[in-house]
Structures are given as C-alpha cells and as structure tokens.
Amino acid sequence: GVLGVFGGGGVEITGSDVLLCILSKDNDVFDIRDVRQTRFTLGNGNDTEVMRKFQFDFAKLMQDYQIDSVAIRERQPKGKFAGSAKGFKMETAIQLIDNLDVRLFTTTEIKEQVKRNPIPIDFEETGLKKYQENAFVNAYVYIMKKTYRSDEM
C-alpha cells in the first residue's frame, strides 16, 4: 500500500459466525470501509464443499476490497471461553488463504494495545452494528501494531 495508508480486516469468530470489520488508516484518519458482507455463517463444517465455499467467499471479499491483512482474536482451545470446533475450522480456512496476511492476537495483547493507544472514537459513533464491535477492535489493534511496528522492533 501507499506509505502511511494501512488497511486491515478485523475478524471475530463466534459459534458458527465470522464477523468482519474493515478499517483503514490514512495518516491519522481512520476510515471504516463499507463492505457488502460483514457476517459469514458456516453451515455444516464437516462438509468439504461448504468449507471450500466459505473460504472462497471470504477470500473473494478480501480481494474485492483489496484487503491483504486480517487480525483475528485467538480463542481458547479449552475452558470456559473455548472456541467451537466450527470456529477453529473457519479460523484455519482464513489462515490458509493465499496472499492474506493473517495474525492471531491474544485477548491480553489486544487489551494492552488498546490501553497503550486508546480507540479515538466511541463505538456508538462508528455506525457499525453491535456485533461488529470486537472485529472493529481487532482491526484497530492490528493497524496500531502495524503503525508502531518500527518503534517496537
């Protein structure tokens, strides 16, 4: 991308849904991209065709909006907040998309980053749907990490 312009997708996986928010930052201005689809629901995750279609549709959306990177909040494999099997399948399908830089962030990493660089806008003012909130935060954290990467190295 152009110097100073970062774009990224934030993904939140819950149950059998992938929730999406696309954010870009040009210098210091954040822009929430309007995309045709912000929720993908997986049907039968044991069906190879269903998985392929999910992966294809997600990849196509990224391609159409020229998004080359995605941030996903890591889910726990076990315990109270464990992710569903479907969720892990969708996460893997996204990770395996060619030319898509996929980063998994822990909840702790996300909290630390937001504490260091508070989100400059109230979520209510973004115009996004409530279900996109975590995806929005994930995209924000990824952009902040990209922006300040040089300082942290």
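The values are calculated or read from the model by the stated rules, or taken from the named source; none is laboratory data. All figures in this text were calculated on a predicted structure; none of them were measured in a lab. Here the Cβ positions follow ideal geometry from the backbone for every residue, glycine too, while neighbour counts run over all protein chains shown. Areas reflect the complete protein model, heavy atoms only, side chains present, ligands, DNA and RNA absent. Shrake-Rupley method; radii C 1.70, N 1.55, O 1.52, S 1.80 Å.
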Inset, instruction - Provide the FRET efficiency to the nearest 0.05 for the Asp31-Ser84 pair, computing r from the beta carbons and using R0 = 35 Å. - result: 0.65
Legend entry - Pairs of Cα atoms farther than 14 Å apart, the range 52-122, %: 67
Legend entry - Beta bridges per DSSP with both ends in the chain, % antiparallel, nearest 5: 65
Inset, instruction - Quick one: divide the alpha-carbon radius of gyration of the range 1-106 by 2.2 N^0.38 Å and tell me what you get. - result: 1.09
Legend entry - Accessible-area composition of the range 6-133, carbon plus sulfur, in percent [1.4 Å probe]: 49
Legend entry - Accessible surface, the chain, averaged per residue in Å² (probe 1.4 Å): 58
Legend entry - Excluding exposed DSSP-loop chymotrypsin sites (Phe, Trp or Tyr not before Pro) (at most 14 other C-beta within 10 Å), longest clean stretch of the chain: 1-80
Inset, instruction - May I ask you to compute the full-extension gain from Asp68 to Phe123, defined as 0.36 nm times their residue separation minus their alpha-carbon distance, rounded to one decimal in nm? - result: 17.4 nm
Inset, instruction - Only helical DSSP H runs with n ≥ 4 go in: add -39500 (n - 2.57) per run for the chain, normalise by residue count and round the 222 nm mean residue ellipticity to 500 deg cm²/dmol. - result: -11500 deg cm²/dmol
Inset, instruction - Name the longest site-free stretch of the chain, where the excluded sites are trypsin sites (Lys or Arg not before Pro) in a DSSP loop with no more than 12 other beta-carbon atoms within 10 Å. - result: 81-153
Legend entry - Extension gain from Tyr148 to Gln76, taking 0.36 nm per residue of separation minus the Cα-Cα distance: 23.2 nm
Legend entry - Cross-link reach list, lysines versus Lys89, counting only Cα pairs under 29 Å and skipping chain neighbours closer than eight places: Lys53, Lys60, Lys78, Lys80, Lys111, Lys129, Lys130, Lys145, Lys146
Inset, instruction - For Thr41, Thr147, Thr14, give the ranking by accessible area with the largest first, probe 1.4 Å. - result: Thr41, Thr14, Thr147
